[in-house]
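Throughout, read-outs are computed from the coordinates displayed, never taken from laboratory work. Bear in mind the structure is a predicted one, so any value in this text is a computation, not a measurement. Cβ coordinates were reconstructed from backbone atoms using ideal geometry, including for glycine residues, and neighbour counts include every protein chain displayed.
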Amino acid sequence: MKTIKGVLLVLACVGIVQAAVREPVGVWDFDPADPNAATQGPGLVLVGTVQPAEGLDEEDAAVQIGVGSHFICPHGMAANGGGEKVNEWTLLVDFRYPPGSVGKFVDFFQTDPANSDDSDWTVHRDDGAIGIAAVGYSRQAGFVTAPDTWYRMVMPVDNVTRHDLFVDGQQVLTGNPQGLDGRFALEDVLLLFAANDGDDNDIIVTRVALWNVALTAGEAVALGDPNDSLFQDNKAPDVNAGADQELEMGEGGSVVVALDGAVADDGPYTVAWTQLSGPAAYLTRRVVSTNRAIAPAVAMYTALGRLNAVRNRPRTAPPMPKTPARNPDSAPPTRLVPMLARIWNELLSSRKIT
């Protein structure tokens, strides 16, 4: 009987991380010493004046913005969503308003760079609901705000399909989108806390962030409340995909190999084997980090596969991929492991198999 052998090679090492929220294009933390300064992205331009205010705690900075004052935000986002303006975006605001603003409109932003009409998003003077008439108000879901209470507002916008509102990690409005390049499409700048008619009453702000995408509901929920950071460490789980393996199989038959891996992490996490290339192999899940791979009978091949481990519920870190390494002896957290695939001559070495 002719025997077919294949040496399975470990070819690379990589860390696999899934982040809960994509990275914003702009973050502003409103230090009274320099309220225009950006934590990330372009700086703001203050029109008028602001006053220092108490933040979330003794270490947090905030500013109070009154009637007639606002910030110009040159966001730097390119047109998207199939239109000539920014049609897909997300705004986050950590805010509260003083008792003196109760019974008045408290405005969040104005999409008209000339500030020639009313604001486009507000706290309603009648009941403290958030929204605007054309899109809807949070009172539809029974949510209204109260003075001297910190809130995190997250508003994902896709002008074609959705205009939603989340407050402190809870969805409080499924609004009516206003159309491609319509009222909520952004030009080169966004005016923060602006209105042309004196309705921009006092508001206290500690953070604003912008994304050039409409965040998913899961991402908006993950952002939580004002005490939750946008950026937290989210390292890849420590994954070992096991040793290289050598196979033997009868001519014209197939072979079954167990792919055993181990994960060291506090979890919860999800693991999966993935075939990267070559003749198809049939994978059968047996335990969390073990699969059976049934290979076709091929004269010459190497097998390449990968064991991924992903934390199920990270908070807000952006993706942090690690650079692949070609040396398996220096493997960091996760190892790419052989599975079944690819013609011998296409990989790192060649060898006759008889």
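Pop the C-beta distance of ALA262 and ARG22 into the FRET formula with R0 = 30 Å and round what comes out to the nearest 0.05. Intermediate results must be reported in sequence, preceding the final value.
Details: r = 30 Å, r/R0 = 1.01.
Computed FRET efficiency for ALA262 and ARG22: 0.50.
Taking 0.36 nm per residue of sequence separation and subtracting the Cα-Cα distance, how much length would be gained by fully extending the chain between ALA217 and ALA33, in nm to one decimal?
On the way: separation 184, 0.36 × 184 = 66.24 nm, distance 3.49 nm.
That pair, ALA217 and ALA33, stretches by 62.7 nm at full extension.
Between GLU187 and VAL67, what FRET efficiency comes out of the Förster formula 1/(1 + (r/R0)^6) with R0 = 25 Å and r the beta carbon distance, rounded to 0.05? The partial results should precede the final answer.
Numbers: r = 24 Å, r/R0 = 0.97.
Computed FRET efficiency for VAL67 and GLU187: 0.55.
What is the sum of charges, Lys and Arg at +1 and Asp and Glu at -1, for the other residues whose Cβ falls under 10 Å from the Cβ of VAL172?
Details: positive: ARG139; negative: ASP164, ASP168.
Summing Lys/Arg as +1 and Asp/Glu as -1 gives -1.
Which order do the peptides 27-36, 48-57 take when ranked by the mean count of other beta-carbon atoms within 10 Å per residue, highest first? Walk me through the numbers on the way to the answer.
On the way: 27-36: 17.5, 48-57: 15.4.
Going by the mean number of other Cβ atoms within 10 Å, highest first, we get 27-36, 48-57.
If you take every residue apart from GLY66 with its C-beta less than 14 Å away from the C-beta of GLY66, what net charge results, scoring Lys and Arg +1 and Asp and Glu -1? Mind showing how you got there, number by number?
Working: positive: LYS104; negative: ASP107, ASP199, ASP200, ASP202.
Summing Lys and Arg as +1 and Asp and Glu as -1 gives -3.
Would you please put 213-219, 60-66 in order of how densely packed they are, using the mean number of other Cβ atoms within 10 angstrom per residue and starting with the highest? If you can, show how the numbers build up before the last one.
Numbers: 213-219: 18.1, 60-66: 21.0.
Sorting 213-219, 60-66 by mean packing, highest first, produces 60-66, 213-219.
Peptides 196-207, 112-123, 155-166: what's the order by average Cβ count within 10 Å, highest mean first? It would help to have the intermediate numbers written out before the result.
Details: 196-207: 19.8, 112-123: 17.4, 155-166: 21.5.
Going from most to least packed, we get 155-166, 196-207, 112-123.
Taking the Cβ of LEU44 as the centre, find all other residues whose Cβ is under 12 Å away and add up their charges (Lys, Arg: +1; Asp, Glu: -1).
On the way: positive: none; negative: ASP29, ASP31, ASP34.
Local charge sum for LEU44: -3.
Between VAL160 and ASP126, what is the spin-label point distance in nm, taking each point 7 Å from the Cα along the Cα→C-beta axis?
Simple spin-label model gives 3.5 nm for this pair.
For GLN170 and ALA141, compute 0.36 nm times the residue count separating them, minus their Cα-Cα distance, and round to one decimal in nm. Don't jump to the answer; show the numbers that get you there.
Details: separation 29, 0.36 × 29 = 10.44 nm, distance 1.05 nm.
That pair, GLN170 and ALA141, stretches by 9.4 nm at full extension.
With each label point set 7 Å from Cα along the Cα-Cβ vector, what nm distance links VAL47 and ALA79?
Going by the 7 Å Cα→Cβ label model, 2.4 nm.
Along each principal axis of its Cα atoms, how long is segment 26-222 end to end? Whole angstroms, biggest number first, please.
42, 36, 34
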